[in-house]
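The values are calculated or read from the model by the stated rules, or taken from the named source; none is laboratory data. Computed from a predicted model, the values in this text were never measured in an experiment. All Cβ positions, even for glycine, are placed from backbone atoms using ideal geometry, and neighbour counts span all protein chains on display. Protein only, heavy atoms only, side chains kept; ligands, DNA and RNA dropped before computing areas. Shrake-Rupley method; radii C 1.70, N 1.55, O 1.52, S 1.80 Å.
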Amino acid sequence: MGYGLSGEVFHGGLVRACPGMAVVAAVTRSAERAERLAATHPGARAVPDLDALLGDLRPDLVVVASPDGQHAGQARAALDAGAAVVVDKPLATSSAAAEALVSHARSVGRLLTVFHNRRWDSDQLTLARLVEDGTLGRVFRHETRFERWRPELDPAKWRDRNPTEQGGGTLLDLGTHLVDQSVQLFGPVGWVHAEIAARRGGSDDEAFLALTHTGGAVSHVSVGSVFGAPGPRRRVLAERGAYVVDVLDSQEDQLRSGLAADDPGFGIEPEERWGRLHRGNDVASVPSETGRWRYFYPAVLSALVDGTPPPVDPADAVEVLRVLEAARRSSDSGSTVEL
């Protein structure tokens, strides 16, 4: 459902690399995209809307890759039609809507999962390894950034022009990824302090969140479009040193450039992009784990065929939305919010 960048390049590219899955149709009214669909997925049909997708085709799995404000309603319709559903993040625009969707999927006995693909970023996997093997020792502060320089509003982009309740804004977009990554690494969030702004006059385009995890670590999350000098992708301060990663995982760029997700080089970071372990003046490169976005859909297939757990528990997506909502309450009130 939706054949823009996310549907065509990310989901479409990853499904192509998954033996046992095939794209049979995509919703698009663009003749150009329909031509690309036919060329990339032979036999796949371009259909005009969700009703056409769910009607005659009766798909096993529907991937909801439409604008965020449409996710919950379209996912519910697909579940009611008997399909399993993957929803691109965020699961919904509010935790209440997301929780209701999770309950509905359970009541109709259908698989529901969420494309929190950045759990399988190279730097996320590498940091998880360093935490688990004790290299860093106790982590004090985890800084994670998704900072861009896009000083002008783009009226063609729905995220720039739509309010939060319709899926607009950078916090719901990029913040979802970084909060989810932080929770996966350091556990539940107990307290949130946040500063959120709309510097360009549209939807929110700058956000800083200080998340205190119940285990003691603190995550500083920074996202936005008005950073003329973006900071490092990650900086982790711990008792045995600091881990620093300068650049974003390359899997998105690899898919955009046309590299197949089942190519042997997919997800591999060259040495010059590795993170570094700093101990004062002692600095050493840290070999990066291979990024593994391509394992998402095989895990979905296994859940459908063998009944294994889905790659992302949708309840996790509900918790992320609760953190984002707490951040908005914090920013509005100027106070720290306890979850």
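Name the single residue, out of those in region 287-296 being in contact with an Asp or Glu (Cβ under 7 Å, 6 or more places away or on another chain) and assigned to a loop (DSSP other than H, G, I, E, B), that is nearest to PRO19 (Cα to Cα).
At the first step, the residues of region 287-296 found to be in contact with an Asp or Glu (Cβ under 7 Å, 6 or more places away or on another chain) are 288, 291, 294.
From what's left, assigned to a loop (DSSP other than H, G, I, E, B): 288, 291.
Values: SER288: 27, GLY291: 19 Å.
This residue is GLY291.
Would you confirm whether or not region 94-110 contains a residue that is touching a strand residue (DSSP E or B) at 6+ places or on another chain (Cβ under 6 Å) and either within 29 Å of SER250 (Cβ to Cβ) or open to solvent by 10 Å² or more (accessible area, probe 1.4 Å) (or both)?
There is at least one residue in region 94-110 that is touching a strand residue (DSSP E or B) at 6+ places or on another chain (Cβ under 6 Å) and either within 29 Å of SER250 (Cβ to Cβ) or open to solvent by 10 Å² or more (accessible area, probe 1.4 Å) (or both).
Output the qualifying pairs, or none if there are none: Cβ atoms under 6 angstrom, residues six or more apart or on different chains, first residue in region 131-158 and of a type in the set (S, T, N, Q), second residue open to solvent by less than 90 Å² (accessible area, probe 1.4 Å) and outside any loop (DSSP other than H, G, I, E, B).
Once the first residue is of a type in the set (S, T, N, Q) and sits in region 131-158, its partners that are open to solvent by less than 90 Å² (accessible area, probe 1.4 Å) and outside any loop (DSSP other than H, G, I, E, B) give THR144/LEU178; THR144/VAL221; THR144/ARG234.
Among the helices (runs of 4 or more DSSP H) contained in region 97-197, which hold 1 or more residues that are at pLDDT 95 or above and aromatic (Phe, Trp, Tyr)?
Counting at least 1 such residues, we get 176-186.
Of everything in region 140-164, what is closer than 11 Å to THR93 by Cβ and more than 18 Å from the chain's Cα centre (by Cα)? Give them in sequence order.
ASN162, PRO163
Looking at ALA92 and the list (1) in a helix (DSSP H, G or I); (2) more than 30 Å from ARG276 (Cβ to Cβ), which single condition is not satisfied?
All conditions pass for ALA92, except number (1).
Taking THR212 as meeting all but one of (1) open to solvent by 20 Å² or more (accessible area, probe 1.4 Å); (2) part of a strand (DSSP E or B); (3) more than 21 Å from GLN124 (Cβ to Cβ), write down the number of the exception.
(3) is the only condition that THR212 fails.
Within region 167-184, how many residues are among the hydroxyl-bearing types (Ser, Thr, Tyr) and closer than 17 Å to PRO314 by Cβ?
Residues that pass the stated criteria total 1.
Look through ALA317, ALA303, ALA284, ALA299 and report the one residue that is farther than 30 Å from ALA22 by Cα and either part of a loop (DSSP other than H, G, I, E, B) or open to solvent by less than 50 Å² (accessible area, probe 1.4 Å) (or both).
ALA284
Okay, residues lined up against (1) more than 22 Å from ASP173 (Cβ to Cβ); (2) among the hydroxyl-bearing types (Ser, Thr, Tyr); (3) under 23 Å from the mean Cα position of the chain (by Cα):
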| site | (1), (2), (3) |
| --- | --- |
| ALA39 | yes, no, no |
| ALA44 | yes, no, no |
| ASP51 | yes, no, no |
| LEU61 | yes, no, yes |
| VAL64 | no, no, yes |
| ALA72 | no, no, yes |
| ALA83 | yes, no, yes |
| LYS89 | no, no, yes |
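Rundown of residues vs (1) closer than 30 Å to PRO298 by Cα; (2) free of Cβ contacts under 8 Å to residues at least 40 places away in the same chain, yes/no style:
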| position | (1), (2) |
| --- | --- |
| ALA207 | no, no |
| VAL223 | no, no |
| PHE227 | no, no |
| GLU239 | no, no |
| VAL247 | yes, yes |
| GLN251 | yes, no |
| LEU255 | yes, no |
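What pairs come up if the first residue lies in region 83-96 and is without any contact (Cβ under 8 Å) to a residue 40 or more places away in the chain and under 21 Å from VAL108 (Cβ atoms), the second is of a type in the set (Lys, Arg) and outside any strand (DSSP E or B), and their beta carbons are under 9 Å apart, counting only those six or more places apart or on different chains?
Short answer, once both residue conditions are applied: ALA83/ARG58; ALA83/ARG110; VAL85/ARG76; VAL85/ARG110.
Would it be correct to say that ALA242 is open to solvent by less than 60 Å² (accessible area, probe 1.4 Å), part of a loop (DSSP other than H, G, I, E, B) and at pLDDT 95 or above?
No; evaluated as a whole, the condition is false for this residue.
Just give me the residues in region 173-183 being closer than 18 Å to ASP88 by Cβ and open to solvent by 10 Å² or more (accessible area, probe 1.4 Å), in sequence order. Break it down into steps so the answer makes sense when it comes.
Start the filter on region 173-183 by keeping residues that are closer than 18 Å to ASP88 by Cβ, which leaves 173-181.
Residues satisfying the conditions are ASP173, HIS177.
Kindly indicate whether any position in region 262-278 is within 22 Å of ALA22 (Cβ to Cβ), loosely packed, with under 15 Cβ neighbours inside 10 Å and either of a type in the set (Gly, Ala, Ser) or touching a residue at least 60 places away in the same chain (Cβ under 8 Å) (or both).
Yes, because at least one residue in region 262-278 is within 22 Å of ALA22 (Cβ to Cβ), loosely packed, with under 15 Cβ neighbours inside 10 Å and either of a type in the set (Gly, Ala, Ser) or touching a residue at least 60 places away in the same chain (Cβ under 8 Å) (or both).
Going residue by residue through region 149-165, is there one that turns out to be on the phi < 0 side of the Ramachandran plot, open to solvent by less than 10 Å² (accessible area, probe 1.4 Å) and in contact with a Ser or Thr (Cβ under 9 Å, 6 or more places away or on another chain)?
no
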